[in-house]
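Let me begin by presenting the structure, written as structure tokens, before commenting on it.
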Amino acid sequence: MIENAQLIGLSRQIALQRQMDVVANNMANMNTTGFKAEQILFEEYVMPVARDRDFPTLDQPLSFVQDWATIHDLSAGGFEQTGSELDVALSGEGFFAVETPAGERWTRAGNFQLSANGTLVDSNGNPVLGEAGPIVFGPEETGILIAADGSISSSAGAKGRLRIVEFANPQELTRQGSNLFAGGTPQAAMNTRAMQGYVEGSNVSGMSEMTEMIRVTRAYESIASLGQKQDELRRSAIQRLGDANA
């Protein structure tokens, strides 16, 4: 019975450790442009293997804790007006498409720049994709304009249109690091508009995440204390048995 209690407590500690990792990552990205917070889901894992002569029935179910999935919080972050012609925020559920060495990826971070050869790139240097591929500006071009539908023009005329995509089920996306998502089945955006001169901030609530960190820490300490008491109970039982057999 003591072993069962310790194993159940250990399963909860492992889950809490995973939850703390998620909370810490959210807090570390409070100021990351376009970052979307994560949340972790848990489920009860029932294992009917506990046996004891005092049980009303031979088997009793044991309930363990299992981290079932991590979901994306895709709610919008706050929009900040920067005035920069290369900053673009998305109003709606769409994503920008960028080209990485590993293939196409999706991001909400629209703090774009121009590379040395005039290619529009994200903050990691990945080319931002238009509907016809990467978007390149000449050194003499000025007056870059980005319309609500993603159409881009400059002093040289039309330059194409940003490839903005939406997903029927965004939870299918997987995080790839560097504020990028992969996977899913992209569709042409129908309900998303571009906002030039703005960037979308992180949707992480610092107060909520700090509160959650305190709650997780206290829960972990409580279970650790319970495990320590179970160890003391076992040592006491072993010592009494030893004294009785002496």
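Residues in region 113-125 that are surrounded by fewer than 24 Cβ atoms within 10 Å (Cβ to Cβ) and in a loop (DSSP other than H, G, I, E, B): S115, A116, N117, G118, S123, N124, G125.
For region 73-86, residues that are open to solvent by 40 Å² or more (accessible area, probe 1.4 Å) and closer than 25 Å to S154 by Cα total 7. Annotation note: of S63, S11, the sole residue that is more than 24 Å from F95 (Cα to Cα), at pLDDT below 80, polar (S, T, N, Q) and not in a strand (DSSP E or B) is S11.
Name every residue in region 175-191 that is open to solvent by 70 Å² or more (accessible area, probe 1.4 Å), part of a strand (DSSP E or B) and of a type outside the set (A, V, I, L, M), in order of residue number.
Q176, Q187
Screening region 193-232 for residues that are among the β-branched types (V, I, T) and assigned to a helix (DSSP H, G or I) and picking the one that is farthest from the chain's Cα centre (by Cα) gives I223. Residues in region 72-86 that are assigned to a loop (DSSP other than H, G, I, E, B) and either within 12 Å of T33 (Cα to Cα) or without any contact (Cβ under 8 Å) to a residue 40 or more places away in the chain (or both): 3 in all.
A single member of A89, A97, A109, A69 is open to solvent by less than 50 Å² (accessible area, probe 1.4 Å), among the small types (G, A, S), closer than 16 Å to S178 by Cβ and not in a loop (DSSP other than H, G, I, E, B), and it is A97. Would you call A194 aliphatic (A, V, I, L, M), closer than 16 Å to R108 by Cα and open to solvent by 40 Å² or more (accessible area, probe 1.4 Å)? Criteria not met by A194.
The values are calculated or read from the model by the stated rules, or taken from the named source; none is laboratory data. If you're wondering where the values come from, they're calculated on a predicted model, not measured in any experiment. Cβ sites come from the backbone with ideal geometry, for glycine too, and all protein chains shown count toward neighbours. When the accessible area is computed, the model is the full protein with side chains, heavy atoms only, and any ligands, DNA or RNA have been set aside. Shrake-Rupley method; radii C 1.70, N 1.55, O 1.52, S 1.80 Å.
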